[in-house]
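Here's the structure we're looking at; comments come further down.
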Amino acid sequence: MDLAAALARSEGTVRVRGAGTKRAWTRGEPDVELSTEGLDEIVEHNVGDLTAVLGAGVPLARAQGKFAEAGQMLALDPPDGGATIGGVVAANDSGPLRSRYGGARDLVVGMRIALADGTVAKSGGKVIKNVAGYDLAKLFVGSFGQLGAILEVSVRLHPLPPATATAVARSDDPDALGRAALALSHARFEQMGLDARWEDGAGVVMARFGGATAVAQAEAAQRLLGDAEIVEDDDAVWEAQRAAQRSPSGLVVKVSALQTDLPQLLRIARDHGATLVGRAALGLHWLRHDEGDHMALVEALRGRWAAAVLDRPADLEVDRDGRVDPGARMLAERVKERFDPSGRLI
Amino acid sequence: MTAGAVLAPLIEELRAAVGAEHVVTHEHQLRTYESDGLLQYAVTPGAVVLPASTGEVQAVVRACHRAGVPFVARGAGSGLSGGALPVEDGVLIALSRMRRILEVDLDNQRVIVEPGVTNIAVSQAVAPDHFYPPDPSSQIVCTIGGNVAENSGGAHCFKYGFTTNYVTGLELVLPDGELVRLGGKGVDPPGLDLLGAFVGSEGTLGVATRIWLRIVPKPESVRTLVAFFGSPVQAGEVVSEIVSGGIVPGAIEMMDNLSIRAAEGYTNAGYPTDAGAALVVELDGSEAECEARFEQVVAICEDAGADSIRVAQDEAERELIWQARKAAFAAMGRIAPNYYVQDSVIPRTRLAEVLGRIEELGREYGLQVANVFHAGDGNLHPLVCYDGSNPGEAERAEECAGEIVRACVEAGGSITGEHGVGVDKKRYMPEMFSDADLGTFQRLRCAFDPEQRSNPGKVMPTPRLCGEVPGPYRRHPLEQAGVAERF
């Protein structure tokens with residue numbers, strides 16, 4: 001199937017979908033839905049160059065399996081659920097590895113896109129260092145397909161660490177957790193992950209280390225924290241962090257905050273009966289609220305931070321993005337008009 | 001009519017906006033600004049204006065917009081692609097007076113600066129516990145505003161990334177004078193990543209007047225060595241071994257014999273002048289990991305048959321090892337009176353083949369080509385040496401450099417890794433991008449700058465008009481109902 005041609009031929013409003021795992025994050029029903037399922041080829045995996053080119057419809061897990069055979073990974077680990085690389089990128093989803101390796105915007109080095117009129121174009125390339133032309137790939141990361149369809153992405157890969165270990169500190173005091181997180185993010189460690197979690201009245205801060213000396217590094221973090229446990233077989237701990245970024249029937253709000261806001265966010269989670277997981281050093285947090293007064297939580301968060309409503313119950317009407325700087329909104333509208341003048345992509 | 005007469009009413013407005021003493025109009029003073037770091041190109045601007053605040057930049061840009069006069073923003077003028085080359089009869093906005101560090105927030109690991117702040121000043125402001133990773137060789141003079149325009153890299157970007165990975169917020173004056181704020185201290189604000197599109201846009205989308213930067217803790221440990229090999233190809237194999245061993249060096253840099261000889265004559269760093277290639281490898285990170293990995297690197301170099309390996313024993317020796325690498329461009333004057341530098345990128349695995357091709361081209365054109373490169377990310381800096389006083393040699397050097405760029409693109413690479421397209425490489429853009437690609441770039445340009453007055457004539461190989469957005473913008477029924485919203 002030629003997605004670009006299908007896009008050009010389609011009439012009315014259109015949405016391009018991957019595996020459909022983040023449907024609740026979109027708004028409105030399009031006249032036509034086009035799928036990337038035909039674009040399911042791992043086009044290139046350049047082992048020696050640590051790069052790959054993936055069709056938008058490639059399930060992320062399948063690509064990761066292939067990279068792992070060569071001791072490599074795409075350092076993008078959102079909750080999986082069968083999501084495609086195109087969907088992950090278009091929704092700018094991410095997981096705990098974001099702390100060390102950046103998000104989709106930092107890992108995608110090139111992109112092939114189709115505009116609503118069927119124009120196929122590329123930006124970037126497949127080398128990790130490249131400043132030729134505008135970086136349109138960044139514009140398409142997190143665009144939810146509203147500027148065009150992502151057909152193919154080029155990504156940079158990283159070596160899989162030979163071993164990992166995690167230092168976990170527990171407390172039910174939001175301020176103590178905030179201090180622990182700040183101490184870790186300001187220490188001269190190289191952490192693969194630095195996460196916070198709050199659930200059922202208690203919290204943790206956890207730092208993950210990778211490499212030839214993962215345990216020794218985690219022990220250094222343990223000494224810094226004073227009271228922390230070391231988990232060597234730590235995959236499950238981090239899998240739980242990823243999983244808490246989704247709510248099958250409830251609400252998930254992604255908050256862009258600062259490191260020093262963590263205690264306040266933990267208190268909001270506590271007071272609203274929400275679960276919080278997040279990247280402490282980035283100030284990026286997901287509050288999961290399975291039941292209760294969803295709008296009260298949204299309003300509490302939006303009172304202070306930029307916060308996007310991702311998962312939500314089907315009957316909850318709330319805009320995804322909340323307040324955006326008026327100048328930025330005006331500029332985004334101008335970009336939208338140039339890329340999709342007929343406004344068909346929703 | 002003279003240029004001065006066309007600009008006269010505008011110049012009065014500029015004087016009112018920033019003060020007469022900050023508007024340069026004398027011919028001999030204007031000449032100071034006729035080139036950036038790429039001296040092959042020179043254009044005298046109609047006027048140079050030095051604003052001191054966002055408000056003044058806005059007033060200047062508004063005045064240019066009303067008068068229909070193009071403008072070019074300039075930082076330190078150290079760019080290597082002619083990106084800050086003035087437009088004849090246009091206004092050059094020099095941001096050198098906007099050099100305040102507005103906030104250092106160590107708790108949140110953010111710094112807010114004006115565009116004229118130098119790159120090194122950011123790291124100095126957050127020392128000793130933090131640093132700002134992008135470190136172009138010109139970091140002592142180059143400005144953050146210029147770094148944002150060019151998406152500057154540096155020796156440490158293989159591991160740490162580029163300017164775009166460290167900018168979290170921008171305050172922009174758009175080409176019509178509107179002020180817009182994108183992002184801030186937080187990451188991932190909802191909405192389109194316009195910030196990501198702006199960084200690296202080479203001054204064609206507006207002027208950044210305030211920049212939010214992310215800083216990171218200094219690594220606990222740094223270990224540096226330089227190993228010498230018979231040839232760049234042999235050293236290139238070592239780079240592949242290191243990287244495929246799962247090691248991500250903080251920096252990994254290579255110099256060929258010609259560069260070694262030039263740099264050694266200049267710095268006396270102790271590089272053997274008969275070495276075919278020098279490979280500088282720097283590891284940083286936690287002490288335990290650094291030690292373990294450093295031993296691995298030494299073993300890889302030994303196994304690959306390094307002629308000698310020198311491990312920096314202290315900071316002074318580390319500085320010395322780096323001095324030779326950082327002086328390579330400046331030292332090239334010892335080899336030839338002029339050189340033409342390229343900035344192409346190749347997939348690292350194609351190194352041997354591309355180096356072979358470069359050697360062949362050097363022979364074909366009868367010119368010496370020195371090679372200095374960021375080996376980790378495949379960013380080559382071939383320096384085509386020539387003597388401009390020999391008739392036709394400069395043209396031959398330029399042609400040879402162009403062939404090198406083509407060879408790199410054919411190998412799956414890029415025409416520029418960190419210097420930018422500017423005026424210098426725009427003619428190579430069609431080697432990398434189709435007409436549809438360039439047309440799509442133009443859509444972004446037109447959204448920001450429909451009249452194309454911000455740094456015109458850069459990046460795009462041929463001028464294109466913006467045209468009107470076809471048809472009225474239609475709101476979707478769901479938007480009208482308030483159910484959905486558009487970006």
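The values are calculated or read from the model by the stated rules, or taken from the named source; none is laboratory data. Keep in mind the model is a prediction, meaning the values are calculated, not measured. As a convention, Cβ positions derive from the backbone with ideal geometry for all residues, glycine included, and neighbour counts pool all protein chains shown.
Brief remarks on what is shown
- Being on the phi < 0 side of the Ramachandran plot and more than 14 Å from chain B (Cβ to nearest Cβ) is a property that A:GLU44 lacks.
- Of the residues in region B:456-470, at least one is in a loop (DSSP other than H, G, I, E, B), closer than 23 Å to B:GLY90 by Cα, at pLDDT 95 or above and within 10 Å of chain A (Cβ to nearest Cβ).
- Within region B:160-174, considering residues that are facing chain A (nearest Cβ under 10 Å) and part of a helix (DSSP H, G or I), the one surrounded by the most Cβ atoms within 10 Å (Cβ to Cβ): B:THR163
- All conditions but one from (1) surrounded by 24 or more Cβ atoms within 10 Å (Cβ to Cβ); (2) at pLDDT below 95; (3) more than 13 Å from chain A (Cβ to nearest Cβ) apply to B:ASP377; the one that does not is (3).
- Filter result (assigned to a helix (DSSP H, G or I), surrounded by 19 or more Cβ atoms within 10 Å (Cβ to Cβ) and within 7 Å of chain A (Cβ to nearest Cβ)) within region B:431-447: B:MET432, B:ASP437, B:THR440, B:PHE441, B:ARG443, B:LEU444, B:CYS446, B:ALA447
- Scope region A:116-139; condition more than 7 Å from chain B (Cβ to nearest Cβ) and either part of a loop (DSSP other than H, G, I, E, B) or not small (Gly, Ala, Ser) (or both); matching residues: A:ALA116, A:ASP117, A:GLY118
- Region A:56-74, residues that are surrounded by fewer than 23 Cβ atoms within 10 Å (Cβ to Cβ) and not in a helix (DSSP H, G or I): A:PRO59, A:ALA70, A:GLY71, A:GLN72, A:MET73
- Answer from A:ALA240, A:ALA296, A:ALA257 - the residue that is closer than 30 Å to A:GLN191 by Cα, surrounded by fewer than 23 Cβ atoms within 10 Å (Cβ to Cβ), assigned by TED's automatic domain parsing to the domain that holds A:MET192 and not charged (D, E, K, R): A:ALA240
- Selection within region A:77-93 - in contact with a strand residue (DSSP E or B) (Cβ under 8 Å, 6 or more places away or on another chain) and more than 12 Å from A:VAL153 (Cα to Cα): A:GLY82, A:ALA83
- Yes/no for B:ARG293 being farther than 30 Å from A:ALA163 by Cα and either assigned to a helix (DSSP H, G or I) or within 14 Å of chain A (Cβ to nearest Cβ) (or both): no
- Candidate set from region A:176-207 (those that are within 13 Å of chain B (Cβ to nearest Cβ) and part of a strand (DSSP E or B)); member that is farthest from the chain's Cα centre (by Cα): A:ALA207
- Exactly one residue among B:ILE215, B:ILE211 is surrounded by 24 or more Cβ atoms within 10 Å (Cβ to Cβ) and either farther than 29 Å from B:GLY68 by Cβ or not assigned by TED's automatic domain parsing to the domain that holds B:HIS65 (or both), and that residue is B:ILE211.
- Taking residues in region B:266-288 that are in the same structural domain as B:ALA299 (by TED's automatic domain parsing), and partners anywhere that are in a loop (DSSP other than H, G, I, E, B) and among the acidic types (Asp, Glu), the pairs with Cβ atoms closer than 8 Å and at least 6 places apart or on different chains are B:PRO272/B:ASP307; B:ALA275/B:ASP307; B:GLY285/A:GLU190; B:GLY285/B:GLU220; B:SER286/A:GLU190; B:SER286/B:GLU220; B:GLU287/B:GLU220.
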